[in-house]
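What follows is one structure encoded as structure tokens, with my remarks underneath.
The values are calculated or read from the model by the stated rules, or taken from the named source; none is laboratory data. Predicted, not measured: the structure shown is a model, and the values here were computed from it. Neighbour counts are summed over all protein chains in view; Cβ atoms, including those assigned to glycine, are modelled from backbone coordinates with ideal geometry. The protein model used for the area step is the full one, side chains on, heavy atoms only, and it has no ligands, DNA or RNA in it. Shrake-Rupley method; radii C 1.70, N 1.55, O 1.52, S 1.80 Å.
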Amino acid sequence: MRAKPSRPPGAGSGAASHGAPDHEDRVEIAPPDLEPWRAGNTGIPYCYSFDSGRPGPHAMINALTHGNELSGAIAVDRLLREGVRPAKGRLSLGFANIAAFRRFNPQAPRRSRFVHQDFNRVWAPAMLETATRSTELDRAREMRPLIDTVDMLLDLHSMQMPDAPLILAGPLAKGRVLAEAIGTPALVVLDAGHEEGIRLRDYGGFGDPASPKAAALLEAGQHWSAGSVDVALATCRAFLDALGLVPAAQPPRPPQRVLEVTRVLTIRSDSFRFVRDFDGLESIPEAGTIIAYDGDDPVATPYDDCVLVMPSRRLVRGQTAVRLARDVP
Ligand SMILES: [Zn+2]
């Protein structure tokens with residue numbers, strides 16, 4: 001039902017996307033009680049850090065970059081309740097957009113993605129250093145001193161559609177290396193950022209090819225699906241094992257498929273529509289196949305076997321409609 005033209009283009013996005021509930025808004029999981037973690041132990045509310053006292057990387061697992069993406073919050077809550085501690089290096093665990101999370105309403109689960117603006121678009125230093133205030137900018141500034149000390153970041157997300165879980169590994173070789181070290185989920189997408197703003201994953205050293213810091217963004221499956229919790233938790237454990245912070249036997253896993261995004265299709269008009277419903281990961285055999293219209297302009301695939309990654313249902317000017325990708329051997 002995504003991309004149906006009956007949803008008026010420009011009707012809203014993010015916190016303002018109030019479409020009628022449909023099957024994509026089915027909520028199978030409940031928000032965890034995060035109040036026990038309010039104080040944190042870092043001076044930053046809802047942020048914890050545990051230092052092993054031994055040399056090693058500072059790894060962080062971050063949940064709730066988007067306030068309504070519950071699977072990551074459930075996974076991090078679980079790790080905290082288990083009393084996870086690193087055998088080497090330092091481990092930080094955080095819940096980012098708590099203010100949006102607190103507004104989660106299973107009757108309108110899309111509304112609590114953020115409060116004022118997308119927390120995952122505010123990470124340009126020039127933006128963080130302005131005097132402009134918003135719920136998300138304030139929280140990013142609060143977390144920034146901790147983030148600045150992180151070497152390896154796993155940022156936990158979920159997605160609109162029931163697409164296969166994947167890691168968005170970014171455009172840099174080190175992102176792919178980290179994703180392949182984690183080893184799960186089975187799909188790795190090498191992507192550039194968004195045009196609208198810098199993501200946490202691309203902030204500072206994470207997005208600097210000369211820095212050894214690296215970050216991976218997990219899309220754990222569809223928002224609010226029970227399976228997304230399993231994927232988030234398994235990926236957290238694989239991440240901690242891969243870095244040697246919390247060694248644990250990992251189940252056998254198939255080799256990952258790696259897709260390289262060659263183009264992020266940003267919506268230019270107020271009337272973008274796909275020619276049909278795409279679920280994601282469709283491979284379009286022939287170059288030049290029209291997949292959408294942006295206003296009057298046809299959007300064609302640039303090469304044979306073009307793969308559509310995470311087509312959006314929020315078809316709003318300035319936002320990402322779909323990513324075009326090809327298989328990397
Ligand atoms: Zn997200």
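The residue list Val316, Val231, Val246 contains one member that is hydrophobic (A, V, I, L, M, F, W, C), touching a Gly at 6+ places or on another chain (Cβ under 7 Å), more than 18 Å from Leu166 (Cα to Cα) and not in a strand (DSSP E or B), which is Val316. Based on this model, can you work out whether Glu28 counts as without any contact (Cβ under 8 Å) to a residue 40 or more places away in the chain, more than 19 Å from the chain's Cα centre (by Cα) and more than 16 Å from the ligand (Cβ to nearest atom)? So Glu28 does not fit the description; no.
When the range 162-177 is limited to residues that are open to solvent by less than 10 Å² (accessible area, probe 1.4 Å) and out of contact with any Pro (no Cβ under 7 Å at 6 or more places or on another chain), the one that is nearest to Trp123 (Cα to Cα) turns out to be Gly170.
Selection of the range 92-133 for residues being small (Gly, Ala, Ser) and closer than 19 Å to Phe206 by Cα yields Ser92, Gly94, Ala96, Ala124, Ala126. As a summary of the residue check, Pro252 satisfies the conditions (1) free of Cβ contacts under 8 Å to residues at least 60 places away in the same chain; (2) not in a loop (DSSP other than H, G, I, E, B) except for the one numbered (2). Does the range 255-275 contain at least one residue that is modelled with pLDDT under 95 and in a loop (DSSP other than H, G, I, E, B)? Scanning the range 255-275 turns up at least one residue that is modelled with pLDDT under 95 and in a loop (DSSP other than H, G, I, E, B).
With the requirement that a residue be among the hydrophobic types (A, V, I, L, M, F, W, C) and surrounded by fewer than 23 Cβ atoms within 10 Å (Cβ to Cβ), what does the range 213-228 give you? Give the derivation first.
Step one: of the range 213-228, the residues among the hydrophobic types (A, V, I, L, M, F, W, C) are 214-218, 220, 224, 226.
Scanning the range 213-228 gives a single hit, Ala226.
Just one of the listed residues (Gly89, Gly67, Gly94, Gly53) is at pLDDT 95 or above, of a type in the set (Gly, Ala, Ser) and surrounded by fewer than 19 Cβ atoms within 10 Å (Cβ to Cβ), and it is Gly53.
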